[in-house]
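Asks: Structure incoming, see below.
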Amino acid sequence: MAFRPMLRRFRGGTFFVLLTVFGCGLLFAQTKPVEGLHDERPSVHALTNATIVQAPGRVIENGTVIIRDGIIENVGKNVSIPADARQWDYSGKMIYAGLIDVYAETKAADKGKGSDKKSGSAAAPSYWNDRVHPEKSVLELYSASGKDLASSRKMGFTSAWLVPAKGIFRGSSAVVTLGDGDIHERILNRDVAQHLAFESGGGRYPGSLMGSIALIRQTLYDAQWYGGATSAYAASSAGLPPEANDALAALQSVINGRQLLVTAIGNDLDLLRVMKLRDEFGFKPMLKGSGHEYRQLETLKKSRAVVILPLNFPHDIDLTAPENAINVSLMHLQHWEQAPHNPARLAAAGIPFALTRSGLDKKQNFHKQIQKAIEHGLSADDALAALTTTPAKILGVGSALGTIEKGKRAHLLVTSKALFEKGSDKLDLWIDGKRYELKKPSTDISGKWDLRMNQHDGVTRTIPLEITGTDKPKVTLLKGDHKVKADKASISNKRLTLLFAGDSLDMSGKIRLSGSIRDGSMHGAGELADGTAFLWEATFKETMADKKSEKKEAAKAEDKMGDIPIVYHGAFGRSGKPQMQKHILVKNATIWTSGPDGILEDADMLISNGKIAKIRAGLYAPGGATVIDAKGKHVTPGLIDAHSHSGIERGVNESQQAVTSEVRIGDVINSYSIAFYRELAGGLTASNLLHGSANPIGGQNAVIKLRWGSLPEEMKIAGAPEGIKFALGENVKQANWGDKFTTRYPQTRMGVETIIRDRFQAAREYRDAWQKYNAGKKKKGVAAPRRDLELEALVEILEGKRLIHCHSYRQDEILMLTRVAQEFGFKIATFQHVLEGYKVAEELSKLDFGASTFSDWWAYKFEVYDAIPHNGALMHDVGVNVSFNSDSNELARRMNTEAAKAVRYGGVAPVDALKFVTINPAYQLGIDKQVGSLEVGKDGDFVVWSGDPLSTYTMCEQTWIEGAKYFDRQDDIAMRDEIRTERARLIQKYLATGDGSGGGKGMKGSSGRIYDSHHSCRDHGDHDHGGHGDDGHHDHDEHQDHGHGTLNEVRR
Amino acid sequence: MRIQILLYIVLALMPAFLLASDQVPAPPQDHPIALVGGTVHTVSGDVIENGTILFVDGKITAIGTSVNLPAGTESIDVAGKHIYPSLIVANTSIGLVEVNAVRATRDYSEVGDFKPEVRSAIAYNTDSELIPVSRANGIGIIQSVPLGGVISGTSSVMMMDGWTYETTTLKGPSGVHLNWPRMGVSTAWWMTKSAEEQLKERDKNLAELDQFLAEARAYHHARKNGKDHRHNTRLEAMVPVLDGSVPLYIHANEVRQIQAALDWTAQENLKMILVSTADACRVAGELAQRKIPVILTGTHTLPRRRWEDYDTPFTAPKRLSEAGVTFCIASSGSPFAAAHIRNIPFQAGTAAAYGLPKSEALKSVTLYPAQILGIDKQVGSLEIGKDATLIVCSGDPLEIMNQVEMQFIQGRKIDLNSRHTQLYEKYQAKYKQLKMLK
């Protein structure tokens, strides 16, 4: 018996493929004693007369495959059949390489709640977070029953790539055959890849997308540290060794680029997130796609990552009743149209992919969905490759599986017609030389027949029949125009059984008959109602026309073109980004500069190459300039919101820990959020996207421009100082979270101060440890300190490189953090909300700590009972830099009239009030050299208003960013018609192709919420009282018939 | 320690936590008052430049450019100022909530799904700090609406000044409030129920509503016909709706809810007032034809659907107006919004920015809510015989930058100070002490 481990190179990494090749007999467990008799059966087979698809595009007509002991011994047209072979006549049939069940998600058999921690011994040194268990093998979870195997085989799968389905670092995957044998003989490859997903929620850390990304980052740094510390210890053996950690040990092959890291993504923005992590850590990425990959072809192509594509095309969209249809977003309808083209688009772009049935509601629809992809432009060869050669290659089993070639394992699929053709049956499966019968060849008697009954009494009747369907036929009996449906009709073992009512066919009672089916004829015996027997025979006349499918085919043919441009942002999205105009001349405007020039009447402004070139009266337009006649209109700088939660995907808060300085809003920007467009329509051009206020030390911020049409990274303002959210008071001490939340430290304002101080202390020590390490001359044998992303962010604060934006209400807590800042020697960029800032304004003024406040919110919590709308004015009057913020997707679209409230309450001069939403927030965010005022040399970010920007009667007419027009009310009004037309077209198309029932049932994906934008931060008040949804306080990509929201998720 | 002590004090004071505001309710008008030389915006009629308005015993007795002032008239020079009727907010939970996060201060939602018997006036806290803050922006009258469940309770129309809930009630009861059950299926992130469960729940809610109304009718019928049925407090509270003496306010935000409510009230022959969002525009034709008025819950909201025009809520008043629907602009009624009804006039201003004529915008917070609430014989415009419930402003009250300088409610001159102005003055004093302010 030969046992030969094969060594094989795969894209730079080495994979050990255990290929078991046996000299005699079938595969069997080699170490287990034989019970009873040895029972080895003949194991040489000749599969003859078949059309053999050796590999995609390589077809042998009328060929033969020889299998010996589970291995393909020969394949070809003129292959001599060995004498010891058993012969299988497959004439008229097709033989394919066995399909690979790609990305077969595997969960532990017992569906334990909560922790998906490995089942290993409690003493196994695992990672501290129970979602990180890379050391776990999927085989520990796998326990497929015979039934499961049979149902997988039924779909043509001969092997499966088992992947773990839960956790963040989920563990390693394996490839197994789907034969009935013992697991020992079924494993084709182990440790195929490491598996990752952005999992969060469930009341444990991480509770948000950004938290899961932060944890991934920290884990990979931990793995780097572990590798270094372990080898440093091995070299020196000085002191104590680093901790033992199976998880970090298991990740060494990932960070060294030896093992693939397969990440399951939820949308195309996740794809960009994976690539960003790849750039940071240099792992070898593969993606389990979401179905939106067609939106990022360029990035995908550059990444050279293989994609596992699901076929989860939207269906069952409720479009029948108009009042239901309006709740389906245009974005979702557009995705419905594009999604089936996803595989074809990837194929056209040359991006390698495999197809998976993961993600389907009904796994048995897999082949139907492949057919749909083929109808939408995917070639049958590409489809086949995605189920055979591509997965075999990426899984490191290419020398064993994927094609029908000499020396490979005999994994074969026999079908009645071409695999992806309609009505093709999967007949036999061969796995390692063992045959599994999937389906007896079906007996198709559909068509028009004449049934002749010959009764004993000599009476002969002829009844025309119409039969549809195979195996479970529907039989209709005709008498002239009159049609009688048979009560029962079935086919079994090539015999037809039929029961029908004789009454309307000039007979009485029920008539029963049965008989055998041969080519073109049937015959047998039956019994009349009175018990007398008769003989019958039926002859085939003609096939039936299928009108319905013809109509469908026509619709499909139209769709095959697939040349409809992708509109990435849905409604109000454009097919491209707005272009920067070389020169823009704004003429005759009232210009509120928010700079030293104050308000200029009847003035002109020239923007050249995105920057403000000149501001004064009587400017001439350079050649080719875009001229805006702004007579009677007002122009201001683009408005800036120093506190926004717009477009933050899957969690504004990482609320599962009190200190989460490791999480980053910049990781989770949803550039497709309609909030950005709506805010542009209110003159907003820049925002400080902040983490929520669920914890004393929250996450890192992102300062962006509202570049609607761009991707997340393009929205960030280059060079804007990094920042972080802190929070104090009721939210962080969980005062209003409910009775269950009473154990997390801190629960009091005392504890809030203490924990912040504690962390800064730790940060100092962390900084010192690194300084000591970096100063040391001898690096060999000395382990670097472990990188701690939480403390690293705090060190940046201590070093003045990271700005604090601190949610606060009461004067005592404001003073408290002020003192902590003084003690540790850092500045606070802003106190956010700071509703009692007016009580300690002298401190803020003295230290130049900014105040970013609500104009007039109060009374929703006890700590805001002393909030007054004069807060901004009073702080301003004593020299504090004051801004008004929104904290709301709704309010963020009318910041200009918020500024007017500083005039109403406290009498701030209008020219200064506008600065509350322009230069002041720019100063607070450290971007005032670039934006916030209209001054020569600054960015050409400006707004054209219909009148006085502080008036409630004024509309925003145009919003420009760096010389490119991002909003124009006239264009917007024109787009509305386009949107209506586009919706109508898509709805008509949907109804014509009939994807799903379309009738209320299921409502699958009707909202199209793939980029889950959690609602903005204002939900106090209306969370438990039906009927009074406070519309202004939710992010409205969704229904809101009744007020909801939880205090746990988002805090103000 | 300080904070804990404070908490203990708060806890100890819980029952009496609703500390009285410092503003003293005004005494009844005991002498004629004339506002002289201002611009009188009557709302129902002309704008009178350089006009005078005279009121006696709380009622307007004369308006014009040459008004004879009786002896003993207090004449107030309002030259350069503008006089308007006080603003009316037809939907709010003010008075029923102080600090929503503090449970002890929440009185807006009684237990159960059908509780028409609870009356908002009973819990209307005349000493709420939210009231002076609101009337400082010109709001003189509100409808205080209970929340929660399917039938949340019975509302009353209240004046924004007075010693007790009895003396501040302008009209009570003013109506019964029904929150139409959710009709659609939510796929929102917070929704834990499946589509099927939600639809089942919807059908159950609708069946319960039908059942409740049928029982109320049976009860009403029995009592009316002298049958000896035991008194039922709950069903008794439905009688004013059934006999048409008060309307049924149906709160329905989404078009499917509105459609269902329209069908139901047509079938049940009930007098309906719709409290809704911009979705009301989707059925504006039927609303106009059946003369069903709409209380629009604000314009400062987001479009309901991702693909909708960004200004959908801003243009809703214009669209209702053009369709011939009677409407007013009010608050969402949520407890959060209770503290912020002072911004309702500015929400009307936004409607004007987006196409509603300014005169209509003004009516949408004065005369129209008065008509919808059935108090227009008394308030809502400046006319002889109506209450002297009015404001004197530096300019258009829908403009944020203008100030409300005086308010009279039934001729009583109201203190426009509030917790906010008091704290403002207190801390101005601090900075004067620190020589940071003059």
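The values are calculated or read from the model by the stated rules, or taken from the named source; none is laboratory data. As the structure is a prediction and not an experimental result, all values here were calculated from the model. SASA here: full protein model, heavy atoms, side chains in, ligands and nucleic acids out. Shrake-Rupley method; radii C 1.70, N 1.55, O 1.52, S 1.80 Å.
Asks: Ordered by residue, what ³J(HN,Hα) values in Hz, to whole numbers, does region A:824-836 give under the Karplus form 6.51 cos²θ - 1.76 cosθ + 1.60, where θ = phi - 60° and Gly and Pro are x?
Replies: Once θ is set to phi - 60°, the couplings for region A:824-836 become 8, x, 10, 9, 10, 5, 9, 8, 8, 6, 6, 6, 9 Hz.
Asks: If amide H atoms are built 1.01 Å from N in the plane of the peptide, which residues on other chains or at least 5 residues away come under 5 Å of the amide H of A:A727?
Replies: Under 5 Å from the amide H of A:A727 lie the amide H atoms of A:I697, A:G698, A:H807, each far enough along the sequence or on another chain.
Asks: Rule-of-thumb check for chain B: C-alpha Rg over 2.2 N^0.38 Å?
Replies: Working it through for chain B, the quotient is 1.04.
Asks: Right, here's the next one. Sorted from largest down, give the three principal axis spans of the alpha carbons of the protein assembly as shown, whole angstrom values.
Replies: Projected onto the principal axes, the Cα atoms of the protein assembly as shown cover 131, 103, 74 Å.
Asks: So, one more: Output the residues of region B:347-390 meeting this criterion: accessible area (heavy atoms, 1.4 Å probe) in the chain alone minus accessible area with all protein chains in place is 40 Å² or greater.
Replies: Residues shielded by partner chains are B:A353, B:Y354.
Asks: In nm², what is the average projected area of the convex hull enclosing the Cα atoms of region A:653-784?
Replies: That works out to 11.8 nm², a quarter of the Cα hull's surface.
Asks: For the protein assembly as shown, what does the accessible surface come to per residue with a 1.4 Å probe? Please give it in Å².
Replies: 38 Å²
Asks: For chains A and B, what's the summed buried accessible area, probe 1.4 Å, to the nearest 100 square angstrom?
Replies: When A and B are taken together, about 8900 Å² of accessible area is lost.
Asks: While we're on this one: Determine the relative contact order of chain B: mean sequence separation of Cα pairs under 8 Å and six or more apart, normalised by residue count, in whole percent.
Replies: 20 percent
Asks: Let me ask you something else. Relative contact order of region A:598-658, please, whole-number percent, based on alpha carbon pairs below 8 angstrom and at least 6 residues apart.
Replies: It rounds to 19 percent for region A:598-658.
Asks: Can you work out the Karplus-derived ³J(HN,Hα) for every residue in region A:979-993? Use 6.51 cos²θ - 1.76 cosθ + 1.60 with θ = phi - 60°, whole Hz, and x for glycine or proline.
Replies: 5, 4, 5, 5, 4, 4, 4, 5, 5, 4, 5, 4, 5, 6, 8
Asks: Name the residue, out of B:N269, B:N125, B:N253, whose mean-square fluctuation peaks in a Gaussian network model built on chain B with Cα pairs under 10 Å.
Replies: Of the options given, B:N269 has the highest mean-square fluctuation.
Asks: For a quick check: with amide H placed at 1.01 Å from N, whose amide H comes under 5 Å from A:A165's, ignoring anything fewer than 5 positions away on the same chain?
Replies: Those lying under 5 Å, H to H, from A:A165 are A:T106.
Asks: Accessible area, 1.4 Å probe, largest first: how do B:I122, B:I258, A:I491 sort?
Replies: Descending order: B:I122, A:I491, B:I258.
Asks: Sticking with this structure for a sec: Protein chains only, probe 1.4 Å: how do B:T73, B:T164 rank by accessible area, largest first?
Replies: B:T164, B:T73
Asks: Based on alpha-carbon centroids, what's the gap between region B:325-369 and region A:813-828 in Å, whole number please?
Replies: 43 Å
Asks: So what does A:W536 come to for accessible area, using a 1.4 Å probe and Å² rounded to 10?
Replies: Counting only protein heavy atoms, the figure is 10 Å².
Asks: Oh, and also: Find the Rg to Rh ratio for region B:60-119, where Rh is the Kirkwood radius over alpha-carbon pairs and Rg uses the same atoms.
Replies: Rg/Rh for region B:60-119 comes to 1.28.
Asks: Considering only C-alpha atoms, what is the centroid distance from region A:841-889 to region A:605-647, in Å?
Replies: When both Cα centres are located, 30 Å separates them.
Asks: So what's the convex hull volume per residue for the Cα atoms of region B:389-438, in Å³?
Replies: Here the figure is 101 Å³ per residue.
Asks: Would you kindly find the accessible area of B:Y108, with a 1.4 Å probe and non-protein molecules such as ligands, DNA and RNA excluded, rounding to the nearest 10 Å²?
Replies: Counting only protein heavy atoms, B:Y108 exposes about 10 Å² to solvent.
Asks: Rounded to whole Å, give me the distance from the Cα center of region A:187-256 to that of region A:708-749.
Replies: Value for the Cα centre distance between the two parts: 27 Å.
Asks: Leaving out ligands, DNA and RNA but keeping every protein chain, what accessible area does B:E197 have, in Å² rounded to the nearest 10, with a 1.4 Å probe?
Replies: Accessible surface of B:E197 is approximately 100 Å².
Asks: Determine the share of region A:431-506's accessible area contributed by carbon and sulfur atoms, expressed in whole percent, with a 1.4 angstrom probe.
Replies: Whole-percent figure for carbon plus sulfur exposure: 46.
Asks: Accessible area, 1.4 Å probe, largest first: how do A:E601, B:E399, A:E898 sort?
Replies: Listed by decreasing accessible area, they come as A:E601, B:E399, A:E898.
Asks: Skipping prolines and chain starts, which residues have an amide H placed within reach, meaning under 5 Å, of the one on A:K288, given they are 5 or more residues away or on another chain?
Replies: A:T263, A:A264, A:I265, A:I308
Asks: While we're looking at this one, here's another question. Could you please state how large a percent of the accessible area of chain B is carbon and sulfur, counting protein chains only and using a 1.4 Å probe?
Replies: 51 percent
Asks: Over the Cα atoms of region B:132-190, Rg to Rh with Kirkwood Rh, two decimal places?
Replies: 1.16
Asks: Given region A:725-810 reduced to its alpha-carbon atoms as identical point scatterers, what log10 I(q)/I(0) does the Debye formula return at q = 0.22, 0.23 Å⁻¹?
Replies: So the normalised log intensities work out to -1.07, -1.12.
Asks: Per-residue ellipticity at 222 nm for the protein assembly as shown, helices alone: DSSP H runs ≥ 4 residues times -39500 (n - 2.57), over residue total, nearest 500 deg cm²/dmol?
Replies: About -7500 deg cm²/dmol.
Asks: Okay, moving on. Have a look at region A:669-708 and report residues whose accessible surface goes down by 20 Å² or more when the remaining protein chains are included, against the chain on its own, probe 1.4 Å, ligands and DNA/RNA excluded.
Replies: Residues shielded by partner chains are A:I674, A:R678, A:A681.
Asks: Region A:373-521: percent of C-alpha pairs farther apart than 28 Å?
Replies: 44 percent
Asks: Over region A:127-214, what is the mean sequence separation of C-alpha contacts under 8 Å (at least six apart), divided by residue count, expressed as relative contact order in percent?
Replies: So the answer I get is 26 percent.
Asks: Provide a list, ordered by number, of residues in region A:948-966 showing at least 40 Å² less accessible area with every protein chain present than when their chain is taken on its own, using a 1.4 Å probe.
Replies: Those residues are A:T952, A:Y953, A:M955.
Asks: Using the Karplus equation 6.51 cos²θ - 1.76 cosθ + 1.60 (θ = phi - 60°), what ³J(HN,Hα) coupling, rounded to whole Hz, does each residue of region A:884-899 give in order, writing x for Gly and Pro?
Replies: Values per residue, Gly and Pro as x: 9, 10, 9, 6, 7, 5, 7, 4, 5, 9, 8, 5, 4, 7, 4, 4 Hz.
Asks: Quick check on my link table: of A:K801/A:K846; A:K633/A:K861; A:K801/B:K438, which ones sit more than 31 Å apart, alpha carbon to alpha carbon?
Replies: Beyond 31 Å between Cα atoms: A:K633/A:K861; A:K801/B:K438.
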